[in-house]
1. Can you name the condition, by its number, that C:S202 falls short on among (1) within 14 Å of chain D (Cβ to nearest Cβ); (2) in contact (Cβ under 8 Å) with a residue 24 or more places away in the chain; (3) among the polar types (S, T, N, Q)?
2. I'd like the full set of residues that are in a loop (DSSP other than H, G, I, E, B) and either at pLDDT below 95 or not aliphatic (A, V, I, L, M) (or both), limited to the range B:107-126.
3. A:A163: small (G, A, S) and more than 14 Å from chain B (Cβ to nearest Cβ), yes or no?
4. Look at the range A:26-50 and say how many of its residues are open to solvent by 10 Å² or more (accessible area, probe 1.4 Å), among the aliphatic types (A, V, I, L, M) and within 14 Å of chain D (Cβ to nearest Cβ).
5. Look at A:Q312 and say whether it is touching a residue at least 24 places away in the same chain (Cβ under 8 Å) and either touching a Lys or Arg at 6+ places or on another chain (Cβ under 6 Å) or polar (S, T, N, Q) (or both).
6. Could you please find all residues in the range C:334-343 being in a helix (DSSP H, G or I) and farther than 14 Å from C:V76 by Cα?
7. Only one of these is of a type outside the set (D, E), over 20 Å from the mean Cα position of the chain (by Cα) and buried (at least 20 other Cβ atoms within 10 Å of the Cβ): D:L184, D:L166, D:L199. Name it.
8. Which residue is farthest from C:L243 (Cα to Cα), if the candidates are limited to the range D:204-216 and must be in contact with a Leu (Cβ under 9 Å, 6 or more places away or on another chain) and open to solvent by 10 Å² or more (accessible area, probe 1.4 Å)?
Number of protein chains: 4
Amino acid sequence: MHNGTRYRIAVAGASGYAGGEILRILSGHPSCEIGVLTAHSQVGQLVGKVQPHLRSLAHRRFEDTTPENFIGHDVVFLALPHGKSGEISDAIAQLAPECLIIDCGADHRLIDVEAWDEFYGGSFHAPWVYGVPELLVGKTKQRDNLIGAQRIAAPGCNASTVALALTPGISAGVIDGSDVVAVLAVGPSGAGKSLKPNLLASEILGSASPYAVGGVHRHIPEIQQALRGAGGEDIRISFTPVLVPMSRGILATCSAPLSPGVDAATVRSAWETAYSDEQFVQLLPEGQHPATGWTVGANTVLMSVTVDEKAQRVVVIAAVDNLAKGTAGAAVQSMNIALGLPEGAGLSVNGVAP
Amino acid sequence: MHNGTRYRIAVAGASGYAGGEILRILSGHPSCEIGVLTAHSQVGQLVGKVQPHLRSLAHRRFEDTTPENFIGHDVVFLALPHGKSGEISDAIAQLAPECLIIDCGADHRLIDVEAWDEFYGGSFHAPWVYGVPELLVGKTKQRDNLIGAQRIAAPGCNASTVALALTPGISAGVIDGSDVVAVLAVGPSGAGKSLKPNLLASEILGSASPYAVGGVHRHIPEIQQALRGAGGEDIRISFTPVLVPMSRGILATCSAPLSPGVDAATVRSAWETAYSDEQFVQLLPEGQHPATGWTVGANTVLMSVTVDEKAQRVVVIAAVDNLAKGTAGAAVQSMNIALGLPEGAGLSVNGVAP
Amino acid sequence: MHNGTRYRIAVAGASGYAGGEILRILSGHPSCEIGVLTAHSQVGQLVGKVQPHLRSLAHRRFEDTTPENFIGHDVVFLALPHGKSGEISDAIAQLAPECLIIDCGADHRLIDVEAWDEFYGGSFHAPWVYGVPELLVGKTKQRDNLIGAQRIAAPGCNASTVALALTPGISAGVIDGSDVVAVLAVGPSGAGKSLKPNLLASEILGSASPYAVGGVHRHIPEIQQALRGAGGEDIRISFTPVLVPMSRGILATCSAPLSPGVDAATVRSAWETAYSDEQFVQLLPEGQHPATGWTVGANTVLMSVTVDEKAQRVVVIAAVDNLAKGTAGAAVQSMNIALGLPEGAGLSVNGVAP
Amino acid sequence: MHNGTRYRIAVAGASGYAGGEILRILSGHPSCEIGVLTAHSQVGQLVGKVQPHLRSLAHRRFEDTTPENFIGHDVVFLALPHGKSGEISDAIAQLAPECLIIDCGADHRLIDVEAWDEFYGGSFHAPWVYGVPELLVGKTKQRDNLIGAQRIAAPGCNASTVALALTPGISAGVIDGSDVVAVLAVGPSGAGKSLKPNLLASEILGSASPYAVGGVHRHIPEIQQALRGAGGEDIRISFTPVLVPMSRGILATCSAPLSPGVDAATVRSAWETAYSDEQFVQLLPEGQHPATGWTVGANTVLMSVTVDEKAQRVVVIAAVDNLAKGTAGAAVQSMNIALGLPEGAGLSVNGVAP
C-alpha cells in the first residue's frame, strides 16, 4: 500500500471519546502521521477545546465528515455513531480504493442479518474482518485473518472482553456455552459523550446502576458470534452491565458450567495455551485477580480463571480499558497487523496506575 | 423488659463503620437513649475524633469492651470482629439476663457446624434469631420469629441482599436454586476500617477489583441457609463480589434458571406477593432497575425482576446500603420488632441522593 | 397561621436536586404534610421515576407549576431556575396571602440592584429575609429576622458557607475583609440536573476542574452582602470553585489577613463566641479539620480556624452538604423558625458517613 | 558517561507509587534498559504482584536496597522515604562515582538549613540540582543547570506545581509574592502506599478533606525557595492541600496581589513569555481553565492566568499529574537533559482522558 515509513491517518468522529483515544494512541505511534480529523457539531472548533488532553494536536481543527476529506489518506478510522459508518465507508472506498478502513462502530461486526435486525435495525452492512487478533477462531487466531485486511470492524468493548474471557474454554470444550452468565462493572465512558441524565456525574458518583438488563444489550449477538466461532454450538448468555463510578474500565465476571469430568488443571491449561504467547492478553498467576485500574491506557486484557467446584462453574474475570484495548487499542493493533507493522507499535502493555 | 418509653442502648465496637451506623440510626430513634459506647484501641478517645460525623455524640468517649460495662442496658449491639461476639455475649447474658443482645458479627448466624468450620473456623456458637424480617421462611416471614426475641443475629450485608433477592422465586418454585450466579458491586465500607493496601483510596479510585473469587466468600453458607429456609433443596451458588469506587452500597446482580414452563407474569407475581406489604423491600415497576445511590442511608432494598427468555434465566437485581439495611438498619429493625416498637421506628425509607 | 399541628407544604421544582432534598427532609418532619409537587418537563410523571430515592413519595405525580396549584398550602418552597421564582411568587402571594413562601433560587437574595444587574440581569425582585439563621448581622443573628417571616430567601450554598466561615472574624475585627480568598472544592450536584458536557460522569470522575474563575461567580455579591452585614466595610473576595468527584459537598478553604496585633487565642474566641450555642454550625477542636463526607445529609456546617503566623492569614475551612445545610436544610430550618417550630425539627445534625 | 545508545537504570523504592511511575515511563523510553529494582518489605516478591499494572516487568523480582546492588548502572533513581536518600546516595556515589543519581525524596531539595530543620529535621544533606527544567531562575531557566548534572533532586509535586504557576509573575514583577494563597485539590497517591486510616477508600470517596493546614506543609519552604530564585524577595504563602476523590492529580488554585498599575495584557504576557517555547508547560487560551483529568499519565502542566480586577488578585490555576510531571516525569525529563538525550524522550505530552 505504501513504500514510505509513515502512514497518513484520518479519523472520523474525532471529537468523541473513542476518536480521542485513537488519536492519543496514534500520537505516539512511530509509523503514523495524523491527517484530517472530522467531527459533526464541532466542525471548525479547535481540538484543544474539545479534546483538551490531546496537547500535541491542540492547534488542529475539526473538519467536516464528507467523503472527499478522506482522500489522500492511507488509513481511515471511523468512530461514528452506529448507522453512520455504513453510509460513509462505501463513499470513501470509492474515492480511495486502496485505503484501509477501520470501523469502530457496530455496522460491520455482525454476520447474522437477523441478529442485526433484532438488536440494531436499519440497513444491514456486510461484515468486515473482526478486529480482535487474539480471538480463537476454531483452533486458529483471528490475527491470521487480519493480515493484509482492507476493511476491519473493531470490536464492541464489552463483547471482545467477554469473548476473550470465554473462547479458550469453549474451544477446548472445558466449559458449556449454553448457560453463560456475564456481569460487567463498566465505566460511563463506554457510553460516549451523550447528554443523558443517567450519565451525569451526580447520578454516577457513589452509585452502581445496571442497564440493558435481561438480554437486550447490543453486544450479546457479537459475543455469541465469537463463541460460536470458537466452536460453541448452543450459546446462551445472560449479560448484565453495571455502571460504576470510574471513567474507564470493564471488569467482566463471566462464568459457565464446568464440563463433566474436567479437572481444574485442564481448565487452566486451556487459557494458558490460548494466551501464553500473547503480549496483550495475559493470564494472571493462580490466586491473583485483575483490577481495571491496572489496565488504564494500556492495550492489555488481564484475566483470571478459577474453578468453583461446589458451584460447578468456571469463573473467568477479565479487566480491560474499554477505550483502549476495548476499542481504540484493538483498532490500532489490527491496523498494525493489516499493514505489516510490529503488532504492538504505538501500544503500551503497561497501565497508568494507581 | 421495660415499662418506660425509652430503652437504654449500649454499642460494643462503636468505633467501627457498623457501630457508627448503628449510632447514627439510634440517634434519631424516638425510643432509644444511647448508653455506653465501647471500643478496643480507641478506648478513652472522643467520639468526635473517631466518628466525626456523629455530632450529637461528639463529646462522648469510648469505654472498654468489658462485660461489666454493659450492665444496666436494655439492649446491647455487638459490632465486633468475627470471633469476639461469641465470647462476650455469654458474659453479658450472665450479668444482664434480661438484656436484648443483637450481634452484627457472623458468630451466631450459621446453623450448620460444618459450614462454620469450613468458612470461619474457631469455636462454633449457637445460632440466634436471624435478623432479616422480610425473609421468607417456608411460606411465613422471619419477622414472626423476631417478635420477643432476646438474641438476634444481624445478617451479613451481601448475604441478606442475595437472600432477599432470590427467596421469593425459590419459595414459589419459579427458579432453580441449583445454579445461582450472583455478582455484586460493593463499596469498601463493608470491609471495615482495616488498614489493608487493597482498601487504600489510591487502589480503589478509578478501579473495579474482585475478591474472594471461586466459592470462598464467607457469606456463601449464609445465603445457602436462607435459600434452603425458603424451600430450596439443592442450592449451589457462584458468588463474586467486586469492589467498586463508592463508599457504601451493594448492587447484587443475581440470576437463576427459569423453572420449566413458567411464564414471566408468574415469575413477577412471586416477588410481588412476597414484598407488596413490605415498606423496606420494594419491587420496582417493570423496566426500572435499582441503583445503590438511591438507598444511601436508607433501610431499603430496591429490586427488579426480569425474565431473560433467551438465556432461560431470571435476573434479579437488588440495591442496598450495606451499612444501613445491610447491617445496622436490619439490626435496629429487628430490635424494633423484638421490643414491640413500630417496625420502622428510627429508620428511613428514603435515601440520601444524589 | 395555623392552629393544627401539621402544616401542608407544596414544593415547586420538585423534580430537581434541591426540590428532591427538600422533600427528603420534609418526609421525616414531624409537623409537615406534603401537598402538591410541581415540575416542568416531568409533569404527570411518577415521583418514583424521577426521584427514585424518595420511596415514601414514589406513587405521587408531578403537577404543573401554575399558581392555582398552590392554593390551600401553608408553606410553598420554590426550587426553580433563577428568574422563575420572581414571577410565580407574586401570583402565589395574591392567591394565598397567608402562605409562607421560601425561595431557594437567587431572585430574592440580593439587596443591591447593581450587583443583581451585573451578576444575574433581568428583572430585579425585592429582597426577602435571608435564610441563614446563624449568620451574624452586626452583633445579632439573622435568626431574629426569621421569626414570623412570611417571605424567605434560602441562601446560595457556596455563599452561605463562606459567609458563615468568615463573619465571626469580620464582626470581631480580627480579620481584614478587603483581601479574602476562598477556594471551594464542590460536588456537581450544586449545578443541578443540567445536561452539560462538563457535568458528565466521564468528565468529572478522576478530575478536578475549576469554573467561574476570576470574579464572575454569582455567589460573590451574596457573600459580600453578608460580610458587609457583619460589619465589613471594604469587602473584596477572590472566589474560585473547583468541581471534584463527589456528588455532594462543599469544602471551602477561606483565608483573610490577620488584623494587626491580634493573637491566635483572640481569633479563635471570635468563632467560639459566634457558634458555641449553635447546633448546626460547629467549630471543631483545635487541630481537627472538617471533611465534607462527615456532613452528608446533615444540616451541619463543620469548621476549623487556624492562624498562619508566617503567612499572616487566618485560614477558615468549612465543610457542608450543599444540598442539605447549603440549600434545603437551611430552607427547612428557616421555615421552622418562621413558624415557631423547634428549629431543628426534621433536621439531622449527624452525617451519613463513610 | 556512556557511548552506547542505551543506559542501564536502577530504581530504589520500586515498590511504591513514585517508583512504579518511574518504571512505567522508563519502560517506554527508547534509550533506557531497566536494571535492578529494589524495595524494602517486598524484597524477593514479583513485580507483577506488587505493581500489577507494569506487565512488561511482571516477571522481575525486587532486590534489597544495598549500595552494592547499584553497581554497574548508569542512572539510579531513588524513590525512598525522606531521610533514606541521604544515607544511600553517599554510598552509591562512592561505589559508582560516574553514576547519575536522581533523588525523588526531599533530602536534597532545600538550600536553607533552617528551613530543613523546621519542616523536616534530622541530618541536612547538600542540595542537588533541582529537577524542574522550565523553572525561571532569575531570567534563565533551571534547564541550563541540569545539563550534564550528576546529582539531581526531583521536585515535590505540590511545590513544583505552585512554583511553575507563580514564578513567571514574580520574575516579571506583575504580582506581589508577599501574600500568595495556594489551595490545592490533590489525589491521595501523593501520600504513597502508607496504611493510614485517612487514606482508606471509605474515607476519601465522596469527601474532600484538608490536611497540613496553617503553614506546616513540607512543600512550603521548597516553594519559597523557587519563588525567591525567580526574584521574589519577601515571599509569604498560605498553603492548603485538600484531598479529593481522584487517585492522581493536583489542581492548584494560586493567587497573589496584582502589582500596582499592571494591566491584564502585561500579566498574561509574563506567562506567555515564560512558557511559549515549552512543550510540557502550557498556558491555555484565555477563558479555558485546566482540569487534572487532562494530564493523567502525561508530563504536562496546564495553566490558566486570570486577572480579577475587583479582588485585585491574579489567579493562576495549574493542573498536573502528581506522579507523572509532579515526580517521575520531572525526574526522567531531568535525566534526559543531564544525559544529553532529547528532553521529551519517553515522555508523553498527551493525557489519558477521560
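The values are calculated or read from the model by the stated rules, or taken from the named source; none is laboratory data. These numbers were taken from a predicted model, which means no experiment stands behind them. Cβ sites come from the backbone with ideal geometry, for glycine too, and all protein chains shown count toward neighbours. Just so you know, the surface numbers come from the protein's heavy atoms only, side chains and all, with ligands and any DNA or RNA stripped out. Shrake-Rupley method; radii C 1.70, N 1.55, O 1.52, S 1.80 Å.
1. Condition not satisfied by C:S202: (2).
2. B:D107, B:H108, B:R109, B:D112, B:Y120, B:G121, B:G122, B:S123, B:F124, B:H125, B:A126
3. Criteria met by A:A163.
4. 3
5. Against the criterion (touching a residue at least 24 places away in the same chain (Cβ under 8 Å) and either touching a Lys or Arg at 6+ places or on another chain (Cβ under 6 Å) or polar (S, T, N, Q) (or both)), A:Q312 qualifies.
6. C:I337
7. Step by step, each of D:L184, D:L166, D:L199 is checked, and only D:L199 is of a type outside the set (D, E), over 20 Å from the mean Cα position of the chain (by Cα) and buried (at least 20 other Cβ atoms within 10 Å of the Cβ).
8. D:Y211
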